[in-house]
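Everything on this sheet refers to the single structure shown next.
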Amino acid sequence: MSALFEPRTLRSVTVPNRVWMAPMCQYSAEPSGPDAGVANDWHFAHYAARATGGTGLILLEATAVSPEGRISPYDLGIWNDTQVEALRRITGFLRSQGTVPGIQLAHAGRKASTERPWRGGAPVGADAHGWQPVAPSPVPFDDGHPVPDELTVDRIHEIAGEFAAAARRALDAGFEVVEVHGAHGYLIGQFLSPHSNHRTDAYGGSFENRTRFALEVVDAVREVWPEELPLFFRISATDWLDGEPGWTADDTVRFAALLQEHGVDLLDVSTGGNAPHVRIPVGPGYQVPFAARVKEETGLPVAAVGLITEARQAEKIVTNGEADAVLLGRELLRNPSWARHAARELGGAVRVPDPYHRSV
Ligand SMILES: Cc1cc2nc3c(=O)[nH]c(=O)nc-3n(C[C@H](O)[C@H](O)[C@H](O)COP(=O)(O)O)c2cc1C
C-alpha cells in the first residue's frame, strides 16, 4: 500500500489521493474585450490532461477577483458570468474523472500589470493592456516597477468583498475547493510583510495589523463558501530576508493558528516572491520543512510544494507526516500522467479512464 494513494477527506470532500496539482498561471486568456479573463480551449485541454492523468485535486491557476488584480492582462478572471460559464466546463470534466476541482483566488497588488513571463515579465502600461497597480504602501516591487497607488481603507474593504464575490462565483462554477492566494508577494502577502507594508493605520505596523486584511478576506470568503467545502490558504512561509524586516517562519506558525480559528482547512506552504534578489536555497523538497513545522506546531493540515518530482520522495513526505498532500507544479507540466506513473512505482491505485484501459 502507498500512503500517497490513500484518500484524504477535508470537510465533506474526499480527494482520491495525495498527488495534487499546484496552481500555475497559463497567461493564455484574452487581455481585453468580452472574453477578457475567460478560460478557453488551452485551459480546458491543460487541466483535462492532468485529470485524466490521475491527479487527485487540481488547483486552477491564480484567478483574479478583479481586472486590476491580474498579474498580466492575460490572466484568468472570476469577476463576471462569462468567466463562470467557461470554468464550469472545466470543473464538470474534472469531476467526471474523479478529480476534485479547486481554484486559487488572487489579487496581484503591486505586482499586477506585467507582461507574460515568456515575454520578459516587465511591467506594462495602457498601450499594452496594462493599468496602474495598487498596494498597501506606495513602494514599488523592484527597480523599473511603477509606484503603486496606496489603497484607502474603503478600497481595502471592497477588495475583501471582491474575494467573497469570487468565491460565490467559484461555487456557481462547480469548484469544491477555494484557495486564497496569500503567497509570492501578491496583494495579501504585501500586507503581511513589513518589507512591503509601511502603513501606520489599522492595516500596518504590528503583526495583528498586518494580518488584518488577510483575515478579513478569509472571513469574507468563509461566510459565502459552504460549511461543507474546504478552504485553503497559500502562504509564503518566509520572505528569505535574513536580517532585514520581513515575514518569517515564526510569523507563519503564529498566523497558521489564526487561520485555523478563522475556518481555513489546509495551509499550502510555499516561500518567497515578495522581495526580489534574495538568496533562496533551492533544492529537492526545499520548502517541505516549513510545511512540516506548521503541521507539527499547529495541527493544521498542510500541503508541501516545491521541487517534489519523484514518487518515492513524495511518498516519504506523506508517510513521515510532513504534509497531508504534495502539490506538483512543473513536473506535472512535463508529465500530465505523473500520478499514474507514481501509482505504478509505489503499488498504489489510481483511476484510469475507460478508453485508456489497455494502457494499465
Ligand atoms: C508556469 C508557472 C506558473 C505559476 N503560477 C502560479 C500561480 O498561479 N499561483 C501560485 O501560487 N503559484 C504559481 N506558481 C508556483 C507553483 O505553484 C509552485 O509553487 C512552484 O512552481 C514550485 O513547485 P514545482 O517545483 O513543483 O514547480 C507557478 C509556477 C509555474 C512554473
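Read-outs throughout are calculated quantities, based only on the coordinates presented, and are distinct from any laboratory measurement. This one's a predicted model, so the numbers in the text were calculated from it and none came from an experiment. No Cβ is skipped: glycine too gets one built from the backbone with ideal geometry, and neighbour counts run over all protein chains shown.
Here are some notes:
- Placing +1 on the Cβ of every Lys and Arg and -1 on the Cβ of every Asp and Glu, with nothing else charged, gives the chain a dipole about its Cα centre of roughly 1220 debye.
- Shown here are the Rg and Dmax of the Cα trace of the stretch 265-311, at 11.7, 33 Å.
- Ranking MET21, PRO276, LEU10 by how far each Cα lies toward the positive end of the dipole of the chain (charges on Cβ) leaves MET21 at the top.
- From the largest down, the chain spans 60, 46, 39 angstrom on the principal axes of its Cα atoms.
- 3J(HN,Hα) along the stretch 230-239: x, 10, 9, 9, 9, 10, 8, 5, 8, 7 Hz, from the Karplus curve 6.51 cos²θ - 1.76 cosθ + 1.60 with θ = phi - 60°, whole Hz, x for Gly and Pro.
- Estimated inter-spin distance, PHE44 and GLU331, nm [label 7 Å along Cα→Cβ]: 3.1
- Separation between Cα centres of the stretch 251-315 and the stretch 119-137, rounded to whole Å: 29
- Across the stretch 252-257, rounded Karplus estimates of 3J(HN,Hα) from the backbone phi angles (6.51 cos²θ - 1.76 cosθ + 1.60, θ = phi - 60°) give 4, 5, 4, 6, 4, 4 Hz, Gly and Pro being marked x.
- Note on the stretch 78-157: the C-alpha convex hull projects to 7.6 nm² when averaged across all orientations.
- Residues with amide H under 5 Å from that of VAL100, placed H, sequence gap 5 or more: LEU57, ILE58
- Other-chain or far-sequence residues with amide H under 5 Å of HIS198's (modelled H): SER137
- Computed over the stretch 197-240, Cα set: Rg, Dmax in Å: 13.0, 38
- Length released on extending from GLU85 to ASP35, taking residue separation times 0.36 nm less the Cα-Cα span: 16.9 nm
- Part-to-part distance (alpha-carbon centres) for the stretch 141-181 and the stretch 209-237, which is given in Å: 11
- Stokes-Einstein translational diffusion, the stretch 195-347 - Kirkwood Rh over all Cα pairs, 1.002 mPa s, 20 °C, in µm²/s: 128
- With all pairs of different C-alpha atoms in the average, the Kirkwood value for the hydrodynamic radius of the stretch 133-285 is 15.9 Å.
- Here each label is just a point 7 Å from Cα along the line to Cβ, and for ALA126 and ASN320 those points are 5.4 nm apart.
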